[in-house]
Amino acid sequence: MACERASIRTVPEIHRLIMKLREQGKRIIFISDMNLPQYFIEGLLKKHGFAQNNDNIYISGNVGLTKRSGNLYPYVLEQENITAKQLMHIGDNFHADIKMASRHGIRAELISAAHLNFYEQFAIKGQKNSIVSRTVGASRLN
């Protein structure tokens, strides 16, 4: 967890999107495929200004279901007492966030702000050196 905490960086575009949705009065629910403890993920989301006290957070490692399998979505719908039509899911993984959410009738939108661009991919292609990866990551810091 110390390594995760030290290496995590916020994606400003995603933070702005969440703030915009809040300004529009939208309710925010966080759904994540992670094996880290709920308290840890929740703490990071709050520390970096993404989550607020009234936001519900569903972590696959805590629930025992995943977005990747698609099984976490019906669980969230049931827990939130909402229909698939009432949920819009935004994520960066085509399979887990878009394909599997859509399979359950949930509107889904792919956001690629966290993905490496062409030049970043080129820089790390074939590299097994973490210094190159860190340099590429550092180039995104504000």
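The values are calculated or read from the model by the stated rules, or taken from the named source; none is laboratory data. Note that the coordinates shown come from a computational prediction; the quantities given were computed from them, not determined experimentally. Glycine also receives a Cβ, built like all others from the backbone with ideal geometry; neighbour counts cover every protein chain displayed. Protein only, heavy atoms only, side chains kept; ligands, DNA and RNA dropped before computing areas. Shrake-Rupley method; radii C 1.70, N 1.55, O 1.52, S 1.80 Å.
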Query - Selection within region 37-50 - open to solvent by 40 Å² or more (accessible area, probe 1.4 Å) and under 21 Å from Gln79 (Cα atoms) - result: Pro37, Gln38, Tyr39, Glu42
Report summary line: Within region 51-67, the residues that are assigned to a loop (DSSP other than H, G, I, E, B), touching a residue at least 24 places away in the same chain (Cβ under 8 Å) and either surrounded by fewer than 15 Cβ atoms within 10 Å (Cβ to Cβ) or in contact with a His (Cβ under 7 Å, 6 or more places away or on another chain) (or both) are Gln52
Query raised in the report: Here are some residues: Asp97, Asp92. Which one is of a type in the set (D, E, K, R), closer than 23 Å to Leu17 by Cβ, surrounded by fewer than 19 Cβ atoms within 10 Å (Cβ to Cβ) and under 13 Å from the mean Cα position of the chain (by Cα)?
Result: Asp92
Requested in this report: List every residue pair whose Cβ atoms lie under 6 Å apart, where the two residues are 6 or more positions apart in sequence or sit on different chains, the first residue falls within region 13-41 and is touching a residue at least 24 places away in the same chain (Cβ under 8 Å), and the second residue, located anywhere, is open to solvent by 40 Å² or more (accessible area, probe 1.4 Å) and hydrophobic (A, V, I, L, M, F, W, C).
Outcome: Phe40/Met1
**Report entry** Residue within region 76-83 that is out of contact with any helix residue (DSSP H, G or I) (no Cβ under 7 Å at 6 or more places or on another chain), closer than 18 Å to Glu4 by Cα, of a type in the set (A, V, I, L, M, F, W, C) and open to solvent by 20 Å² or more (accessible area, probe 1.4 Å) present
**Finding:** no
